[in-house]
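Worksheet: the structure to be examined is printed underneath.
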């Protein structure tokens, strides 16, 4: 079960290594979708509150609403970074430690799986009840969503032991700590990075979802506001910002993976 | 070149018993072995005769149940910087460049790598200019050359070779054997080679130790009379064939009594 959760490495297979031809084709698809969408929506005179045209969405970025949107985006990023920093650190440390103790690992893993599979968004109302409408419940939710994802993937990495490589280090008199830093950690790195990436994306989803449950600030709360007042261009502009954020997270970890774990591919 | 203090490797009464609950298995029983400084010996024997256990014990990777190992007048109780080890297959860390792989023993021991020596050795094994390549960019033979450099970089007194060329094709293996003899003639390390190839054992060694299984004991020592430097043509001579066949016969016709006694012990 943990295997299916922890092996999404295939995610990366479609990205990277695109040549000029592919890049041109990707841009052509974008032009076709945006241009075609614009033409179709105008031709059928679809009202903006049903589906806004790409040009109307684009216009939001130059509008007077943009500073507000960016301000709220800033709140979202604060929650994401704070919650992720806490969740990912705990997840990483826990993974590194418990994989050294098979008994502890076997006892703890079912609970981690429980955390992985529980939608943390469902806990947000409870967290708000306990911690009020500020940053705290959101940061906790982000940490709870990203931490277990990081942990379960990183643990898969740390469990990969190559006894020959450990014996090699031991034959030079390596200490337990040196075996960890020189052998176990680099070996775990590919899975650690996958875990960090999935954790960050889950964290973002949870941050936005938590903002939609109340509090009145953050990009998620903007989404609620815009949709309830039928300001669809602004609504879609926010969605676009979130999508780009997600892709940026993905691209960052893809780059990091190439840099730190490129030996595996 | 030769140090005045004699650094012979002495193994006395080496005994290793695995599993104590229901009558252990004697992987090694009272093995005595003396390798003079600068001598090249090989150890052959059937699978499970304890030759790897013996080698790993000398490397400090296994603890003997009883008995002692000494290098010169120093008893070995664990991994020792004067002992270099080559493992089955190259056992390079895939996330490190060739050069950084070779520097690993220095890093672990907290010493400055001897860069000039490493460069000289890389050139010597034909890997000059390959230092910055990653292991996967090198062929199996080249990887094993890199692991020779790693083992010799810190100028050990004793070199232990654990079936190092088993995974290589026959031609590459011959080539490696030639290289090992050349390097040995230049450096005069004390070498213990474990191998399944009797031809390799005879080609390289001054003495071939034949071990018997269960209990693992040294059954016979055969002197190899061929002059050095030896050439690969030696392997096609009558004398070479005869010696290889003699050893092969010896291994195949080990007294079955030894097996039975070992099983009962």
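The values are calculated or read from the model by the stated rules, or taken from the named source; none is laboratory data. In this text, all values refer to a predicted model and were calculated from it rather than measured experimentally. Here the Cβ is made from the backbone with ideal geometry for all residues, glycine too, and neighbour counts use every protein chain on show.
Here are some notes:
- In region A:164-178, the residues that are closer than 15 Å to residue A:97 by Cα and either within 8 Å of chain B (Cβ to nearest Cβ) or surrounded by 19 or more Cβ atoms within 10 Å (Cβ to Cβ) (or both): A:178
- Within the option set A:190, A:233, being in contact with a helix residue (DSSP H, G or I) (Cβ under 7 Å, 6 or more places away or on another chain), within 14 Å of another protein chain (Cβ to nearest Cβ) and in contact (Cβ under 8 Å) with a residue 60 or more places away in the chain holds for one residue only, A:190.
- Qualifying positions in region B:232-264 - modelled with pLDDT under 85 and in a loop (DSSP other than H, G, I, E, B): B:253, B:254, B:255
- Helices (runs of 4 or more DSSP H) lying entirely in region B:23-129 (those with 1 or more residues that are within 14 Å of another protein chain (Cβ to nearest Cβ) and surrounded by fewer than 21 Cβ atoms within 10 Å (Cβ to Cβ)): B:51-58, B:98-109
- In region B:130-141, the residues that are away from every other protein chain (no Cβ under 14 Å) and not in a helix (DSSP H, G or I): B:130, B:131, B:139
- When the test is whether a residue is in contact with a helix residue (DSSP H, G or I) (Cβ under 8 Å, 6 or more places away or on another chain), more than 14 Å from chain B (Cβ to nearest Cβ) and in a loop (DSSP other than H, G, I, E, B), residue A:246 does not pass it.
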